[in-house]
Structures are given as C-alpha cells and as structure tokens.
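The values are calculated or read from the model by the stated rules, or taken from the named source; none is laboratory data. Predicted model only: the values in this text are computed from it and were never measured. Here Cβ is always computed from backbone atoms with ideal geometry, including for glycine, and neighbour counts include all displayed protein chains.
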Amino acid sequence: MKQYAESIIPDNYENIHENIFIDNKKLDGFLVGLLNRDCADTGCGNCCYCEGFMEKAVFINKDFRDRQLTSADELENGLHSSRHWL
C-alpha cells in the first residue's frame, strides 16, 4: 500500500502539470449550473453534469493514467487476496 500511495501522491508538485492539467477557463459557469441541480436525489449516473465539465477541462497524460490504473488494480487485487495483509 505504501508503494501505491507513493505513486499517486506527488513528491514534486512543480512537475505535476506534466501529467495532469485542468483548464480553469473551461470550468466557467460550472458552479452556477451546479447550484441549479439536485445532486442528492438525482445521482451522478443519471445526471453527468460534472462529468461533462471534467471531459472538457481535465487532461491526463495517457501513460500516466494507464500506470495509475494498473497500480490501483494491483492494490485492489492484493487487498481481495489478502496479499497485502500477510
């Protein structure tokens, strides 16, 4: 688990922009629209408002994303198999 945590928590925030970038200008109007939604009763799967903004504004390096997903899968599998607890 320590190895997974070290891989997802950056130790050098100056270089994080190489892997993840959020275009703040593409978030214009997000909060106003969010206030007009009933998130508690609708549920994310039925609304997709936030997901739409995320798709426009958040850019993640594909190689970085793939590495993180692989690492998360390995962690989950280790937790299910008890490998991390032995």
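A few comments on the model shown:
- Meets criteria (closer than 30 Å to Arg83 by Cα and either exposed (fewer than 13 other Cβ atoms within 10 Å of the Cβ) or modelled with pLDDT under 90 (or both)) for Lys25: no
- Residues (over 14 Å from the mean Cα position of the chain (by Cα) and of a type in the set (D, E, K, R)) located in the stretch 31-55: Arg37, Asp38, Asp41
- The stretch 61-85, residues that are surrounded by 14 or more Cβ atoms within 10 Å (Cβ to Cβ) and either among the aliphatic types (A, V, I, L, M) or at positive phi (or both): Leu75
- Of the helices (runs of 4 or more DSSP H) lying entirely inside the stretch 40-86, those carrying at least 3 residues that are hydroxyl-bearing (Ser, Thr, Tyr) are 62-81.
- Residue match in the stretch 1-9 (condition: loosely packed, with under 10 Cβ neighbours inside 10 Å, within 30 Å of His80 (Cα to Cα), more than 15 Å from the chain's Cα centre (by Cα) and modelled with pLDDT of 80 or more): no
- Top-ranked residue in the stretch 56-86 [being in contact with a strand residue (DSSP E or B) (Cβ under 8 Å, 6 or more places away or on another chain) and among the aliphatic types (A, V, I, L, M); ranked as nearest to Asn19 (Cα to Cα)]: Ile60
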